[in-house]
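Here's the structure we're looking at; comments come further down.
The values are calculated or read from the model by the stated rules, or taken from the named source; none is laboratory data. Computed from a predicted model, the values in this text were never measured in an experiment. No Cβ is skipped: glycine too gets one built from the backbone with ideal geometry, and neighbour counts run over all protein chains shown. The area values use the complete protein model at the heavy-atom level, side chains included, leaving out ligands, DNA and RNA. Shrake-Rupley method; radii C 1.70, N 1.55, O 1.52, S 1.80 Å.
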Amino acid sequence: MASPALFPALLRLGDDRLVLGHRTSEWCGHAPILEEDIALANISLDLIGQANLLLQYAGEVEGAGRDQDALAFSRDAMEYRNALLCELPKGDFGVTIARHFFHGLFSVLQWQALSSSKDATVAGIAAKALKESKYHVRHAGEWVIRLGDGTEESHRRAQAAVDQLWPYTGELFMQPTDEAELVADGLVADVSALEGPWRAQVDDVLRRATLTVPETAWMQRGGRVGVHTEHLGHLLAEMQSVARAHPGAQW
Amino acid sequence: MTTQTPVADDAARLAAFEARIAADESIEPKDWMPERYRSQLIRMMSQHAHSEVVGMLPEGNWITRAPSLRRKMILLAKVQDEGGHGLYIYCGTETLGVDRQELVQQLLDGKAKYSSIFNYPTLSWADIGAIGWLVDGAAIVNQTMLAKASYGPYARAMVRICKEENFHKKQGYEFMVTLARGTPAQKAMAQESLNRWWWPSLMMFGPHDADSPNSDELKKWGVKRKSNDELRQRFVNLTIAQVKAIDLTVPDPDLRYDEASGDWITGPIDWDEFWRVVKGHGPCNSERLGARRKAHDEGRWVRDAAMAYAEKQQRNNRETTERQQ
Ligand SMILES: [Fe+2]
Ligand SMILES: [Fe+2]
Ligand SMILES: [Fe+2]
């Protein structure tokens, strides 16, 4: 029997993917080229698929009879545990790509660590998700370089995207205090240990993209404990509108 | 030395071409074909590709509001498939000697058509089920015939695409079954949606045979194998059985079963509405085209960047090679 202490940790994992997957799905039919419409729909599908598994398991671990849909469609913003980075508006294609690069790279490192979790379900989900996230990073990384080293306009937009998102990257590596025991027991990864390798790869790709890493010291935080930006409330109002209008209905 | 004039030459080639069509041979990109055959295929195939792409919009409209994660994933996968169909058919059209950019430009300029069905709005979540069931269902009836089309690349594309469309239709019907057997509000939502999509789905097969300007030629060349009315009848028969199975009704007081033919006979189709939408006055014509234009305009800097980067890479590679020589 899995430890109920896993519940908040699974929400953090699942909510990141659900909210980012939602933002990505907003591109559907509106991308710069048809190939990117397909790629972004595919990435969104991967992320929501990951969220589905993680929230399903979260519901089992919680043991209160909530399934993945109850968790996705009946929680209010303050009960969500995603990092703020995931909920920011989709922005232009540059913002979307930079976010996928930052979060995808974090995910690859996180799944790598979690694939040896002592919890077999977590390890299984991580192993599957790792393959998907590797593809997301490759896709986003190639675009970061193209946009950064493309035209003057694309360089300017890519740099603006990096600058805008940078203060939201730090939260990914802040280890929630309520997970300390889970980390000690080898159930979840210590995200603070991922920052070094993440930063090394970010530096490498941004350098190849002729982009610079901003010198912001302050990092925004709050999502991991349920204090979000104003954007999440609107996102959830849209996402939950049909489900909440028909309580108890099966779809 | 040959004394044949070019005209006689063409006449001979045309006769050979028509003999191949008659023998059910497949025409391939490198084969000689009459210009009219080529242009008709370009028109038809590019319209089909545009329809797949524009069709992503009405369904995409509900992805963010899907009421369960499972349905959200099904819808995302479906819309992704439709984009894939568009890409695949654009590539097939390029075998006829046009390029995709040119075709997309025709769409954006309002010079190319796409299926009128996508000029109707998706107003409730049930519309996602109705589209999968009825719109993909009607498309399948059409495309199953096109899978036997004389032009090889089109026929092969249709075989592959039809498999996925069948899957979409199955999922769409299963979606409607779930609503119809759900709460009273869900059942009402399903019925309301069927009421709006029924007639536009029948119009997807095009005008009656007598009023269909391109039909004869397309039939003669083995591109179309069945008439609009034959296909529409097939769809009606298939669909009415499914409507009855889930205890819904179609909005047609004149619908009747004809014992002799075994066909369900519908009341008259409102062709004024059909032509109005074709001519650009459907509820969403300007939104759909507007959305495509906006995506195209806002994506220009991205496409320019990709091109500029590729050119830089080529230049770098060339310089490296020159240095090595
Ligand atoms: Fe399709
Ligand atoms: Fe189609
Ligand atoms: Fe389809």
Per the list (1) in contact with a helix residue (DSSP H, G or I) (Cβ under 9 Å, 6 or more places away or on another chain); (2) part of a helix (DSSP H, G or I), residue check on A:Met219 breaks on (2)
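Only residues that are farther than 30 Å from B:Trp32 by Cβ and either within 7 Å of chain A (Cβ to nearest Cβ) or crowded, with 24+ Cβ neighbours inside 10 Å (or both): list them for segment B:79-100, please.
B:Val79, B:Gln80, B:Glu82, B:Gly83, B:Gly84
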Could you check, for segment B:115-127, whether at least one of its residues is within 9 Å of another protein chain (Cβ to nearest Cβ) and among the hydroxyl-bearing types (Ser, Thr, Tyr)? yes
Name the residues in segment A:136-181 that are closer than 29 Å to A:Asn52 by Cβ and within 14 Å of another protein chain (Cβ to nearest Cβ), would you? A:His139, A:Ala140, A:Gly141, A:Glu142, A:Trp143, A:Val144, A:Ala161
First in segment B:12-32 and more than 18 Å from B:Leu146 (Cβ to Cβ), second anywhere and assigned to a helix (DSSP H, G or I), Cβ under 7 Å, 6 or more apart: B:Trp32/B:Arg13; B:Trp32/B:Phe17
Are there helices (runs of 4 or more DSSP H) fully within segment B:98-146 with at least 1 residues that are within 13 Å of ligand 3 (Cβ to nearest atom) and either charged (D, E, K, R) or in contact (Cβ under 8 Å) with a residue 24 or more places away in the chain (or both)? List them. B:126-130, B:136-146
On the basis of being modelled with pLDDT under 95, surrounded by fewer than 21 Cβ atoms within 10 Å (Cβ to Cβ) and more than 16 Å from ligand 3 (Cβ to nearest atom), does B:Glu25 make the cut? yes
Quick check on B:Arg71: is it open to solvent by 10 Å² or more (accessible area, probe 1.4 Å) and either more than 9 Å from chain A (Cβ to nearest Cβ) or part of a helix (DSSP H, G or I) (or both)? no
How many residues does segment B:147-201 hold that are more than 14 Å from chain A (Cβ to nearest Cβ) and either open to solvent by 10 Å² or more (accessible area, probe 1.4 Å) or away from ligand 2 (no atom under 13 Å from the Cβ) (or both)? 28
Test: residue in segment B:115-127 that is surrounded by 17 or more Cβ atoms within 10 Å (Cβ to Cβ), under 30 Å from B:Arg300 (Cβ atoms), within 14 Å of ligand 2 (Cβ to nearest atom) and among the hydrophobic types (A, V, I, L, M, F, W, C): yes
In this structure, is B:Arg288 within 14 Å of chain A (Cβ to nearest Cβ), open to solvent by less than 80 Å² (accessible area, probe 1.4 Å) and within 30 Å of B:Ala180 (Cβ to Cβ)? yes
